[in-house]
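A.B. asks: Before I ask anything, here is the structure I am working with.
All of the numbers you see were taken from the coordinates with simple rules; none came from a lab. Since we're looking at a predicted model, the values are computed, not measured. Ideal geometry is used to build each Cβ from the backbone, glycine not excepted, and the neighbour counts take in all protein chains shown.
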Amino acid sequence: MNHSQRILIDNIQALEKQYYWLERSYSICRKIPIREEYKPEEMDALETLLFPI
C-alpha cells in the first residue's frame, strides 16, 4: 500500500467515526421540541450538534 492509499484509508476511517457521532447527536436533538426555553441537557445536546469541536 502506498502513502496516498494509507492517507485515504485513514481519512475514510475518520469520516466514519465523525458520521457516527453526527448521527447520534442528530437522533438526540430531533426529539427536542421547539420552544422558548430549553433544559440545560437539551441545550448541551443542541450545542454539540450545531457547534462541534
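A.B. asks: If you take every residue apart from ASP10 with its C-beta less than 12 Å away from the C-beta of ASP10, what net charge results, scoring Lys and Arg +1 and Asp and Glu -1?
C.D. replies: Here the count lands on +1.
A.B. asks: Does anyone have the angle between helix 40-50 and the longest principal axis of the chain? Alpha-carbon axes, 0 to 90°, nearest 10?
C.D. replies: 40 degrees
A.B. asks: Can you match semi-axes √(5λ) of the Cα gyration tensor in Å to one of these, (1) 26, 15, 11; (2) 51, 5, 4; (3) 34, 9, 6, based on a calculation from the structure here?
C.D. replies: After the calculation, the listed value that fits is (3).
A.B. asks: About the Cα centre, and with charges only on the beta carbon of Lys, Arg (+1) and Asp, Glu (-1), how big is the dipole of the chain? Nearest 20 debye, please.
C.D. replies: My answer is approximately 240 debye.
A.B. asks: For the chain, what is the mean residue ellipticity at 222 nm derived from helices alone (per DSSP H run of n ≥ 4: -39500 (n - 2.57); sum divided by total residues; nearest 500 deg cm²/dmol)?
C.D. replies: The per-residue figure over the chain is -24500 deg cm²/dmol.
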